[in-house]
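Engineer: Okay, here's the structure, questions in a sec.
Read-outs throughout are calculated quantities, based only on the coordinates presented, and are distinct from any laboratory measurement. Only a predicted model underlies this, so the values are computations on that prediction, with no experimental measurement involved. Cβ sites come from the backbone with ideal geometry, for glycine too, and all protein chains shown count toward neighbours.
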Amino acid sequence: MALNLRKPEAEIQERELEPAPGAMREDFLTRCVNVLTTLTGWLLTVTMIFFFMVMVAEVFVRKLAGRSLYGAYEVCGIFMIWISMLGAFVAYREGEFVRLNFVVESFPAAVKKIVELTRQVVVILLVVFLAFSGFTFVFSAPVLNQVTTAFQIPAIVGYLPIPLTFLLLVFACMERFRQMLPGRYREDRGGGQI
C-alpha cells in the first residue's frame, strides 16, 4: 500500500487563487492599468521586432547594393518614437524610472510620505497637462494635413504615441497615488509595503 503525499489538484489551484494574507485585492483601476501595461508591452515588443527587421534590411541592402533602402529612415524614425514613448509607460509602471531620492530618504517616515504624495500630485497634474497638450497638437490642422516624404504616411502616425503615452501615464499615476494613500500600505496594518 503506497502513501500518497500529493495534494489534489483542485485544492492546489484553489489556494493559488486566494490572495496572500494581508494582501489587498486589486481594484478596478489597478486591473485596467495591468491590462494596459500588458497590451503596451506586446505592442512595444512587436514594434521593436519590426524596427529591428527594417534596420537589418537597411544594413544588408546598403552593403550588397551600395544604396539605402527606400524609406528606411522614415519608418525607423516613426518606430523610434513609438518605442520610446511606449517604453516610458512600461518603465514608469514597473518602477524603473530614474529619480533622485537621496534627499527624500533623509526625511523621517511621516515627512517622506507627505513629500511622496505631493510629488505624485505634481506628476499627475503635469501628465494631464502634457496629455491634453499632446492631443491638442496631434489633432491640429497642420499635423492632420501633414504626410511623410517617402511613403506619404500621415504624420499623426508618428506623433500619436506621445499624447497616448501621457494618457496611459495619467491612469498609472492615479493608480500609484491611490496605493500611496494612508491605509493602502501593509505596513499601516502591520505588514510590508504593497
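Engineer: Could you pull out the chymotrypsin sites (Phe, Trp or Tyr not before Pro) across the stretch 78-132 that fall in loop regions by DSSP (anything but H, G, I, E, B) with no more than 16 other Cβ atoms inside 10 Å?
Structural biologist: Listed in order of number, the matching sites are Phe97.
Engineer: If you plug each phi of the stretch 26-34 into the Karplus form 6.51 cos²θ - 1.76 cosθ + 1.60 with θ = phi - 60°, what whole-Hz ³J(HN,Hα) values come out, in order, with x for Gly and Pro?
Structural biologist: 6, 8, 4, 4, 5, 4, 5, 5, 4
Engineer: Percent relative contact order of the stretch 46-152, based on C-alpha pairs within less than 8 angstrom and at least six residues apart?
Structural biologist: 24
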